[in-house]
Every structure is written in C-alpha cells, then in structure tokens.
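My questions will all concern the structure given below.
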Amino acid sequence: MICKGFPNLNIELFQDEMVAVVSKGHPWVDKKYAVAEDFATEHLLVHSLPLETVTIHQFVLAPAGVSPKKITPLPLTEASIEMVKADMGVMVMAKWALPPYLKINPLKAVKIGKYGLKRKHYVAFLADRSYPEYFWRFIDFMQTAINLQWSICSL
C-alpha cells in the first residue's frame, strides 16, 4: 500500500492513561483525583529530562503555571517506586504498567484530573514508500488487541 499526497503520515495506535503513584500513607491516597495545584508541594520523580517532554509537565503542570517543590530525574522505574514507597516523592506512570508494582508494594494509583490524563500513541511512516503486509498487521494488532487488553485491565 502506498499513500500518495502526503510526505509523512501517522496512524493512531492506542491511547493510555497516566496516573500518579503515591505511598499508602500519602495525603492523596483518599483523593478521587489529583489536580495541578496538588503537585506544588510535592517532590516529583520523572523518568528523564528535558521537562518539556514529560507528560505531566506538558499537559497539566505547565498549562496551570504550577511547579513542583522539587523535581528529580530518575530513569529507573524500580528506583522511583522505592522512593515513592519510602514517602520520598510521587511519580507519574502509565496505568497499564503499574499492576505488577501494586501487587508487591504498598502503593496507590491516583487519577490525574477529573477525566484522567490520557495520551495517544502513533506510528509514523513515509507516504511515498511501500510497506510489507506485516507492517499493516502490526498496526492492526496495536489498534485492536492492545486497546482491548488495556480496556479490560483495571486497577
């Protein structure tokens, strides 16, 4: 299949939700959801910098003009989980990636914003190039099987 007329195209693959992760003793543990202002007094653990690429900063904190008390980049999820467990900060991660950590740790996932913090994932490709059938099958798999799996999974 070749798509003519556009040099580059993208196709939406799936959508996921980001949640705040806090210890069971954290003040947010009973909140229905956290808002930007809640992060102002928190030590936020992020996976990497620059901050402009961090979902919580890009879509929640920056638009609200809120800066956390402290931000620490920590590229190891397990290390961030241990810090959250020890009440040394909060982190934000994809809801689908969290269940294994919830099973063995005293943690709580907290929705971000009344409607949740959703992000979309895309595949980009060149329109003036042919792609093998497995490329299109992979896209179909990501759009159907992955979405179905994540919609069934709940925390």
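When ranked by the protection proxy of mean other Cβ atoms within 10 Å per residue, highest first, what sequence do the peptides 109-119, 129-139 form? Provide the component values of the computation, followed by the final result.
Numbers: 109-119: 15.5, 129-139: 11.0.
Result, highest mean first: 109-119, 129-139.
Let me ask something else. Calculate, for residue 76 and residue 136, the FRET efficiency according to 1/(1 + (r/R0)^6) with r their C-beta to C-beta distance and R0 35 Å; round to the nearest 0.05. All intermediate terms of the calculation are to be shown ahead of the outcome.
Details: r = 35 Å, r/R0 = 1.01.
Here the calculated transfer efficiency is 0.50.
Additional query: So what's the back-of-envelope 222 nm ellipticity for the chain, counting only DSSP H runs of four-plus at -39500 (n - 2.57) apiece and dividing by all residues, rounded to 500?
Details: 4 runs with 30 residues, N = 155.
Estimated from H runs of four or more residues: -5000 deg cm²/dmol.
Also, quick follow-up: Give the residue from 72, 91, 132 lying farthest towards the positive end of the charge dipole for region 1-151; charges sit on Cβ (+1 for Lys and Arg, -1 for Asp and Glu) and the dipole is referred to the Cα centre.
My answer, from the dipole projection, is 91.
Report the calculated FRET efficiency for residue 123 and residue 48 (r = Cβ-Cβ distance, R0 = 22 Å), to the nearest 0.05.
Efficiency at R0 = 22 Å is approximately 0.50.
About the Cα centre of the chain, how large is the charge dipole given +1 on each Lys and Arg Cβ and -1 on each Asp and Glu Cβ? Please answer in debye to the nearest 20.
Using only the charged Cβ atoms, the result is roughly 280 debye.
Given the options 58, 144, 102, identify the residue whose Cα lies farthest towards the positive end of the charge dipole of the chain (+1 on Cβ of Lys, Arg; -1 on Cβ of Asp, Glu).
Toward the positive end, the furthest listed residue is 102.
Here's a follow-up. Taking the DSSP beta bridges in the chain as the whole, what percent of them are antiparallel, to the nearest 5? Spell out each step's value before the answer.
Details: 19 of 27 bridges.
Close to 70 percent.
May I pose another question? Working out 0.36 nm times the residue gap between residue 37 and residue 114, then minus their Cα-Cα distance, what length gain in nm do you get to one decimal?
26.4 nm
Can I ask one more? With the calculation restricted to Cα positions, what are the radius of gyration and Dmax of the chain in angstrom?
18.1, 56
Can you give the charge dipole size of region 19-101 about its Cα centre, rounded to the nearest 20 debye, using +1 on the beta carbon of Lys and Arg and -1 on the beta carbon of Asp and Glu? Let's see the in-between values first.
Working: 7 positive and 8 negative charges, 27 e Å.
The calculated dipole for region 19-101 is roughly 140 debye.
Run the numbers on region 55-155 and let me know its relative contact order in percent, using alpha-carbon pairs under 8 Å that are six or more apart.
It rounds to 22 percent for region 55-155.
Readers should treat all values here as calculations from the given coordinates under stated rules, not as data from a laboratory. Remember, it's a predicted structure, so these values are computed and weren't measured experimentally. Every residue, glycine among them, receives a Cβ derived from its backbone with ideal geometry; neighbour counts consider all protein chains shown.
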